Structures are given as structure tokens and as C-alpha cells.
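The values are calculated or read from the model by the stated rules, or taken from the named source; none is laboratory data. In this text the structure is predicted, and so the values were computed from the model without any measurement. Cβ placement follows ideal geometry from the backbone for every residue including glycine, while neighbour counts extend to all protein chains displayed.
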Amino acid sequence: MTLHYTGGSVVMADDVAEALLRYARELAVTQASDLLIVPVRGEDGKMATAEFLIGPASQLLAVPATGSEDGRDQAVIDEIDRRASLLRPPTAVPHVDENGTPPIDLDSSAP
């Protein structure tokens, strides 16, 4: 994808761009910012890295680009997703026994 930002654009793997956009959305919701280093295709066609400061005021636009699968880096995607998950509130998970039954009677009407 070609990722457009204020003042320019870069080409990066679709999956990396999508992860970056998801993370930018999470940052905007929490009014936070972060610096990401991601693989991009340079103007000379060679792979390079770019630093993105993203936050609530980021204005990003991604559009399809030919040959943008170069630079797909699962470790970068996983790291971006990990950072995004840290911004979300924790989710409660009920404890169940080996039969899948909660240790308390959820149907009880006792106070």
C-alpha cells in the first residue's frame, strides 16, 4: 500500500500498513502517541525503514500500490498489534473447572 501522510507518502506491505492504521486508531481513542519503525520501499526500489510518529492528530491515508508485498515483516506486524492490545482495557475471563462449570452458582437468586 502507499501510505500518505502530511507532507509525503511511502510504499509498504499491505499487512504492515493495515496494522499501522489499526494502531493509529487505537492511539487516537486513547489520546496517546508512539513512534514506530517499519519497513518501506524507498524511492530507489530498495527496502529501507521509516520512522512514523503517530497519534491522535495523525492524518493517514492508505491506497493500494503495485508490488507492495515487499517488506512484509510478521515480527513488525506482531509488535504493532501487541502495542495496540496494551491500549485496550483488560477483558475479564471467568474461571471454570475441568467440566467447564464456573465455581459458583450463577443461577442462584441468593443476595
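Below are the figures for this structure:
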{"quantity": "Residue that is farthest from Gln74 (Cα to Cα), among those in the stretch 7-57 that are among the polar types (S, T, N, Q), over 15 Å from the mean Cα position of the chain (by Cα) and surrounded by 12 or more Cβ atoms within 10 Å (Cβ to Cβ)", "calculated": "Ser9"}
{"quantity": "Hits in the stretch 1-20 (condition: touching a Ser or Thr at 6+ places or on another chain (Cβ under 8 Å), aliphatic (A, V, I, L, M) and over 11 Å from Phe52 (Cβ atoms))", "calculated": "Met1, Val11, Ala13"}
{"quantity": "Selected residue (only one of Ala62, Ala48 is modelled with pLDDT of 90 or more, touching a Gly at 6+ places or on another chain (Cβ under 8 Å) and in a strand (DSSP E or B))", "calculated": "Ala48"}
{"quantity": "Test result for Leu35, modelled with pLDDT of 95 or more and among the hydrophobic types (A, V, I, L, M, F, W, C)", "calculated": "yes"}
{"quantity": "Residue selected from the stretch 58-94 under the condition among the charged types (D, E, K, R) and within 15 Å of the chain's Cα centre (by Cα), by the criterion nearest to Asp14 (Cα to Cα)", "calculated": "Arg72"}
{"quantity": "Pair list, Cβ < 8 Å and 6+ apart or interchain, from the stretch 13-39 residues that are touching a residue at least 60 places away in the same chain (Cβ under 8 Å) to residues that are of a type in the set (Lys, Arg)", "calculated": "Ala13/Arg72; Asp15/Arg72; Val16/Arg72; Tyr23/Arg83; Glu26/Arg88"}
{"quantity": "Pairs where the first residue, in the stretch 67-78, is within 17 Å of Glu51 (Cα to Cα) and the second is part of a loop (DSSP other than H, G, I, E, B) and at pLDDT 90 or above, C-beta under 7 Å, 6+ apart", "calculated": "Gly71/Met12; Gly71/Ala13; Arg72/Ala13"}
